[in-house]
Amino acid sequence: NVLNAEGYVVKPQAFQSDYTASGSLLPNEEIQILPEVSGRVTSISFEEGTHVNEGQVLLKIYNDDIKAQVQKSKAQRDLQEKIKLRQAELLRIGGISQQDYETTTAQIASINADLAYSDALLRKTTVIAPFSGRIGIRNVSKGAVVTPTTVIATLQQTKILKMDFTIPDQYRDEVNEGKKITF
């Protein structure tokens, strides 16, 4: 009796476990530019679709009222500083009470706090780019009144991109940091 059999010669070769997934390329950073304070736009310093640098002024909001308050506070502080110098001399010779001197010192500290607050408000009237990137379409015009919810434009950092895609659980262990992928 002759038995006929078919056979295959098995040779080792690399096993391909390729997986294809759909994904998206996203900017490394993307934000909506919004002002921190309400006010009237006095200047716009960018062109739509152009590259802007980190720290570049994008927009200014009316701030003459805050500048006037800063000048007033500085004048008041200068006056209180002069009074304090005179009071220090009077205190030394017993011409005024310690309380009067401390009241003047407290007034100077209060004026300095007001100045710090006004300076912070003043900085908020200038909108700057938080990072370098491409700025999108401008949503406001000079003379418009903006609020902290007004979107001025969108800024995207596109020199570095992120790839967003999903992988089924069965391939989860195949993709590790440093693993080469193609897209």
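The values are calculated or read from the model by the stated rules, or taken from the named source; none is laboratory data. Everything numeric in this text was worked out from a predicted model, so none of it was measured. So basically every Cβ, Gly included, is an ideal-geometry build from the backbone, and we count neighbours across all protein chains shown. Please note that ligands, DNA and RNA were not included when accessible areas were found on the heavy atoms of the full protein model with its side chains. Shrake-Rupley method; radii C 1.70, N 1.55, O 1.52, S 1.80 Å.
Any residue at all in the range 103-126 that's open to solvent by less than 70 Å² (accessible area, probe 1.4 Å) and outside any helix (DSSP H, G or I)? Checking the range 103-126: at least one residue is open to solvent by less than 70 Å² (accessible area, probe 1.4 Å) and outside any helix (DSSP H, G or I). With respect to the conditions (1) open to solvent by 40 Å² or more (accessible area, probe 1.4 Å); (2) at pLDDT below 95; (3) not aliphatic (A, V, I, L, M), residue 142 lacks only one, and its number is (2). Collect the residues in the range 154-177 that are open to solvent by 80 Å² or more (accessible area, probe 1.4 Å), out of contact with any Leu (no Cβ under 8 Å at 6 or more places or on another chain) and not polar (S, T, N, Q), keeping them in residue-number order. Within the range 154-177, 159, 160, 169, 172, 173, 174, 177 meet the criteria. In the range 121-135, the qualifying residues are those that are within 13 Å of the chain's Cα centre (by Cα) and aliphatic (A, V, I, L, M), and the one that is farthest from residue 50 (Cα to Cα) is 127. Scanning the range 12-37 for residues that are acidic (Asp, Glu) and under 21 Å from residue 182 (Cβ atoms) turns up just one, 18. Within the range 63-86, at least one residue is surrounded by 15 or more Cβ atoms within 10 Å (Cβ to Cβ), in contact with a strand residue (DSSP E or B) (Cβ under 9 Å, 6 or more places away or on another chain) and either charged (D, E, K, R) or assigned to a loop (DSSP other than H, G, I, E, B) (or both). All conditions but one from (1) under 30 Å from residue 165 (Cβ atoms); (2) in contact with a Gly (Cβ under 9 Å, 6 or more places away or on another chain) apply to residue 13; the one that does not is (2).
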